[in-house]
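Here is the structure we will look at.
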Amino acid sequence: MEESRSRELFERAKRVMPGGVNSPVRACARVGRVPRFIVRAAGSRIWDADGNEYIDYVCSWGPAILGHAHPEVVEAVREAALDGLTYGAPTEREVEMAELVRELVPSMEVSRMVCSGTEAVMSAVRAARGFTGRDDVVKFDGCYHGHSDGMLVRAGSGALTQAEPDSAGVPADFARHTLVAPYNDAEAVERLFAANPGRIAAVIVEPVAANAGVVLPKPGFLAALRSITERNGALLIFDEVITGFRLALGGAQGLFAVKPDLTTLGKIVGGGMPAAVYGGREDVMRKVAPDGPVYQAGTLAGNPLATAAGLATLRILKRDTGIYARLAEKGARIAEAVRRAAGERAEVAQIGSLLGISFAGDAEAVYREWYSHLLERGIYVAPSRFEAMFVSDAHGEEDVERTCRAMEEFF
Ligand SMILES: *Cc1c(COP(=O)(O)O)cnc(C)c1O
């Protein structure tokens, strides 16, 4: 497989950018391959700088649920661009976005647009702290909530200890306001509340954990978080940056029928452009400036192009009533093919169009082989075993067939 052009670009990039990339996972360090420099994408396919074509299951880490360069989304962006790229003033599209978000995700009574999932989480946590007047936040081991200081933490050594920074540059003083519990362990959360009375502002959770493989919530886990937070005067934040509009139109909260106080959306909500949203209970969101004392702002927040792309995407998802069934059917077919072929050698977690495959034995080494095997056959999956596989509406019969065959062949 030709990769000289990507290699050349990577060498150039490494001289002027950390790791040669603008987001660490893209460097493909874990899989030991030269990262593909992408020149074009359409539908289910992407093309790299050497002219190789791939069936894409990274889908930009989730946003491309309709496939790449969906004509309606591209047209919405093109139309918006002709009227100017940014104004720093309100537009009708932003009102439409907040109204549509509320219609599709009813717990999001009042919302605000920001530019990334990181920013949405950081802002939701600040709103929760401002509303409750408390400083501590509970997160779960293995859940990723973007790279704001307080979220870049890992569990401390002892049970019930405060978290430690998981990145250089995060002051221990910030990390100590984050408490970490194991995912799917509501009792641990109960204990954290007991040990820190009146101090916990919020519990934040990925309702389906999709940044450490794919881990489904145990039955009753999310409902338990709902009741624990309610009983303790804390807020429940669902980080639906991946699951929002991915698992269902109403997100994981619709699917599991648990209503959080605040929700963060990203990825799909921007339709491939940098947009994200946080929002929820009106009384909490009224604390945000200029209605209230919680400051949060953004020069490019609600950017016309990003909002147009997001709106076009959400409108297609809303209109196309068969889309989630189609996505789930394809997800299930790939999952089934891997399960059958792998036997004991791999475990597959799948919910709708979200798949996580974990290998027995030396998981890291097997994943590296898996990645190269698929890459060489024109199938592009995440270059890290902790990342999910995303199926899009553009993946056709032939794509799924070819993918299943390549995966079966691996085993
Ligand atoms: C991707 C992701 C984020 C961060 O979003 P960015 O747009 O990358 O800042 C936050 N939470 C979850 C659950 C994510 O998957």
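The values are calculated or read from the model by the stated rules, or taken from the named source; none is laboratory data. Everything numeric here is computed off the predicted structure, so don't read it as measured data. Cβ: placed from backbone, ideal geometry, glycine included. Neighbour counts: every protein chain shown.
Of the residues making up segment 287-323, those that are among the aliphatic types (A, V, I, L, M) and under 30 Å from Gly396 (Cα atoms) number 10. So which pairs qualify, if the first residue must be in segment 326-346 and farther than 13 Å from Met407 by Cβ, the second must be surrounded by 14 or more Cβ atoms within 10 Å (Cβ to Cβ) and acidic (Asp, Glu), the Cβ gap must be under 8 Å, and the two must be at least 6 apart or on different chains? That search, which allows pairs on different chains as well, returns Arg326/Asp393; Leu327/Asp393. Within segment 369-379, the presence of a residue that is assigned by TED's automatic domain parsing to the domain that holds Arg102, surrounded by fewer than 18 Cβ atoms within 10 Å (Cβ to Cβ), in contact with a helix residue (DSSP H, G or I) (Cβ under 8 Å, 6 or more places away or on another chain) and not acidic (Asp, Glu) is excluded. For segment 126-164, the candidate set comprises residues that are surrounded by fewer than 21 Cβ atoms within 10 Å (Cβ to Cβ), in a strand (DSSP E or B) and of a type outside the set (Asp, Glu); within that set, the residue that is nearest to the ligand (Cβ to nearest atom) is Arg154.
Only one residue in Ser167, Ser111, Ser123 is surrounded by fewer than 21 Cβ atoms within 10 Å (Cβ to Cβ), closer than 30 Å to Ala306 by Cβ and not β-branched (Val, Ile, Thr). Which one? From the options Ser167, Ser111, Ser123, the qualifying one is Ser167.
Determine which member of the set Pro35, Pro63 is away from the ligand (no atom under 16 Å from the Cβ), part of a loop (DSSP other than H, G, I, E, B) and either out of contact with any His (no Cβ under 8 Å at 6 or more places or on another chain) or of a type outside the set (Val, Ile, Thr) (or both).
Pro35
Considering segment 271-290 alone, what residues qualify as being out of contact with any helix residue (DSSP H, G or I) (no Cβ under 8 Å at 6 or more places or on another chain) and in a loop (DSSP other than H, G, I, E, B)? Listed by number, the residues that qualify are Arg281, Arg286, Ala289, Pro290. Against the definition (within 14 Å of the ligand (Cβ to nearest atom), under 21 Å from Leu249 (Cα atoms) and in the same structural domain as Pro304 (by TED's automatic domain parsing)), how does Ser111 come out, yes or no? No, not satisfied. Residue-level check: of (1) surrounded by fewer than 17 Cβ atoms within 10 Å (Cβ to Cβ); (2) within 16 Å of the ligand (Cβ to nearest atom), Leu82 misses just (2). All conditions but one from (1) over 26 Å from Tyr324 (Cβ atoms); (2) away from the ligand (no atom under 16 Å from the Cβ); (3) free of Cβ contacts under 8 Å to residues at least 60 places away in the same chain apply to Met122; the one that does not is (2).
Selection of segment 4-21 for residues being outside any helix (DSSP H, G or I) and touching a helix residue (DSSP H, G or I) at 6+ places or on another chain (Cβ under 9 Å) yields only Val21. For segment 180-270, the strands (runs of 3 or more DSSP E) that sit wholly inside it and include 1 or more residues that are more than 23 Å from Glu164 (Cα to Cα) and within 13 Å of the ligand (Cβ to nearest atom) are 262-265.
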